[in-house]
Amino acid sequence: MPIKKKVHQTAGKIKKINIDLFKDFFESEKASGYILVLITVVSLLLANSALGKSYLTIWHTYMNLSFSGVELKYSIEHWINDGFMAVFFLLVGLEIEREIYVGELREIKKASLPIIAAIGGMLIPGIIHFVLNAGTETQSGFGIPMATDIAFAIGILSLAGSKVPLSLKIFLTALAIIDDLGAIILIAVFYTQNLALGYLFSAVLVFILLVFLNRMRVNKLSIYLILGVVMWYCMLKSGVHATISGVLLAFAVPFNKNNDENISYRLQKKLHWPVAFIILPLFALANTAVVLPKNIISSLTELNSLGIILGLVAGKFLGIFSFSFLSVKSGLSSLPSDLNWKLLGGAAVLAGIGFTMSIFISNLAFDQPEVIVSSKLSILFASVVSAVSGLTALMLVGKKSIPE
């Protein structure tokens, strides 16, 4: 077979892998978004019903796990947030890896727009919250409005159907993925306390070993997963949030661009459904089991709550839209041919949906139960406002705005 023809076939195969993976990811996140909406409503109703006390007790029940002399005792909620969510972070890491190798982030010109937009979408909300809360006990919550929820955002975006072009779906997905990476870095840098250096050093050594195995072209997935569990345990005991181990494992798993059977691709395919339909719903159930305060208005108008609401609803839009506009006008990025500023503006509003990562950071930022509750309520309120206004904007401008 001529070399040129073989190269074209290989490129076509890579493109097909990329498209198939994106479709799988988009479809699983879209369905997961719908389920998360339903589960959140059910969880809030249960927590505030006559069964509320029993329902809350479930998540605070402790479970023991013993293996080879190692004993772990945590509440069910803790197991979900520190254990199951590490698998969610693993999937996010694998998706970032795929985007870097064969996706939207492989070319600087294409990658620069969602990257710069994501940076703006993290900076402005964080600044808004910090300005309102500087010097108070709640200033540590500045990271809460910085994250966009992939599942919710894609789920709501899909309701616009054919009124929005594929490039907008790719842009929002890439932006949310970069956003998640930013949130992961934020957790590692700002929300890590009481370091146990021995365990941290052990976790780093395991990661170095994983990278070494990658470089030596060891392609056996079970080895990476076993060492990944060891790294997770060391990270859990180190004081650095254990979910970071999921991302580190993802970056260590080999990705072979010339082989559609590479283990990173296989692992990502296997994780889509359990993450979308088991892990994220469990996270939503455990973390939205919130007893509503008697004075909801007062709770939503505290400085921390205002910082979260304004950060997500206004800050996300201002950050994403202004940074995107400046990036394109300066020549650093280019706007896809089937995308315009009205559509991008609608997506920027939709990016104010902060759920998984925002709630996750709320649990890390505060110790006081009442502050955590008001933070979660603010996240839910801001997400509903962003979802309704973003979808409405896209439905109004979508059909007319897409170029022929």
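Some values worked out for this structure:
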item: Dimensions in Å of the chain - Rg and Dmax from alpha carbons; result: 21.3, 74
item: Heavy-atom surface of the chain, accessible at 1.4 Å and reported per residue (Å²); result: 46 Å²
item: Most to least accessible of Glu95, Glu107, Glu77, Glu370 (protein chains only, probe 1.4 Å); result: Glu370, Glu107, Glu77, Glu95
item: Peptides ranked, highest mean first, by Cβ atoms within 10 Å: ranges 270-283, 322-335, 230-243, 140-153; result: 140-153, 230-243, 270-283, 322-335
item: Inter-centroid distance (Cα atoms) of region 154-208 relative to region 34-99, Å; result: 18 Å
item: Added length on full extension, which subtracts the Cα-Cα distance from 0.36 nm per residue, Lys342 to Asn219; result: 39.7 nm
item: Contact order normalised by residue count of the chain, Cα under 8 Å, 6+ apart, percent; result: 28 percent
item: Region 138-273 - percent relative contact order, Cα under 8 Å, separation 6 or more; result: 22 percent
item: Sulfur and carbon atoms: percent of accessible area, the chain [1.4 Å]; result: 68 percent
item: Which of Tyr74, Tyr191 is most accessible, then next, and so on - probe 1.4 Å; result: Tyr74, Tyr191
item: Probe 1.4 Å, all protein chains present, accessible-area order of Glu302, Glu99, largest first; result: Glu302, Glu99
item: Largest-first principal axis extents of the Cα set of region 113-251 (Å); result: 46, 45, 22
item: Paramagnetic reach from Ile108 (point 7 Å along Cα→Cβ, amide N under 20 Å) across region 321-363; result: 324-336
item: Entries in Lys294/Lys376; Lys316/Lys342; Lys110/Lys329; Lys220/Lys270; Lys109/Lys169; Lys163/Lys376 that, when Cα-Cα distance is taken, lie over 24 Å; result: Lys163/Lys376
item: Compactness of region 279-375 - radius of gyration and Dmax, Cα, Å; result: 17.2, 52
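The values are calculated or read from the model by the stated rules, or taken from the named source; none is laboratory data. This one's a predicted model, so the numbers in the text were calculated from it and none came from an experiment. Using ideal geometry, Cβ is built from the backbone for each residue, glycine included, and neighbour counts are taken over all protein chains shown. Accessible surface areas use protein heavy atoms only, side chains included; no ligands, DNA or RNA. Shrake-Rupley method; radii C 1.70, N 1.55, O 1.52, S 1.80 Å.
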